[in-house]
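See below for the structure under consideration.
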Ligand SMILES: [Zn+2]
């Protein structure tokens, strides 16, 4: 690659002002890590029905399986090596008996195992513990990753839903209408009870009014 004079100058001037920016010592390494995102191949392995799944990284499935079996205590190195000499069908049967599963986690590719946090599990379509109630929850059961938080369906508030897609917004509207119906359209009472879980002011006024009107029509 040839670097034009303009690029060179832009580069040097960026460098020149960089140290003057706040938090540069934090910002710089993050940018560097992102630029050099490794091409990782991510997997998850654990026992069906148990919340003991763990992330692994590797290009070769058998190598990853070896690591995963050892990690989960299914024998010593020799025993695991022996198990891995079985043909595909026998191996699958053996793993079935153990209730052990290994799956690709494509949507985690690019992360390193140490970087994987609960919200990554939800974003990848798997389960994690809810950041609010600690309950086990799954993406397919309505759990969401909101920022770096995992929020199960029960813990999802109306403002949370409003950050989501079309269906979430509709659900938010339904829930808000239900609040009013359940409180006989007493706004003060709704606000008071809502405040225990979230700030009612996070609900847009027009939505508030619309749902209130709907609830009044229902009463
Ligand atoms: Zn929860």
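The values are calculated or read from the model by the stated rules, or taken from the named source; none is laboratory data. Computed from a predicted structure; not experimentally measured. Virtual Cβ from ideal backbone geometry, glycine too; neighbours counted across all protein chains shown.
A few points about this structure:
- Residue that is over 19 Å from the mean Cα position of the chain (by Cα), farther than 21 Å from residue 132 by Cβ and not assigned by TED's automatic domain parsing to the domain that holds residue 136, where the choices are 207, 176, 171, 202: 207
- Set side by side, the residues 142, 147 differ, and just one is surrounded by fewer than 19 Cβ atoms within 10 Å (Cβ to Cβ), modelled with pLDDT under 95, under 28 Å from residue 194 (Cα atoms) and away from the ligand (no atom under 11 Å from the Cβ), which is 147.
Okay, residues lined up against (1) in a loop (DSSP other than H, G, I, E, B); (2) modelled with pLDDT under 95; (3) outside the structural domain of residue 103 (by TED's automatic domain parsing):
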residue	(1), (2), (3)
17	no, yes, yes
33	no, yes, yes
55	no, no, no
64	no, no, no
69	no, no, no
74	yes, no, no
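- Between 109, 114, the distinction of being away from the ligand (no atom under 16 Å from the Cβ) and more than 14 Å from the chain's Cα centre (by Cα) belongs to 114 only.
- Sole residue being out of contact with any helix residue (DSSP H, G or I) (no Cβ under 9 Å at 6 or more places or on another chain), in contact (Cβ under 8 Å) with a residue 40 or more places away in the chain and within 15 Å of the ligand (Cβ to nearest atom), chosen from 154, 136: 136
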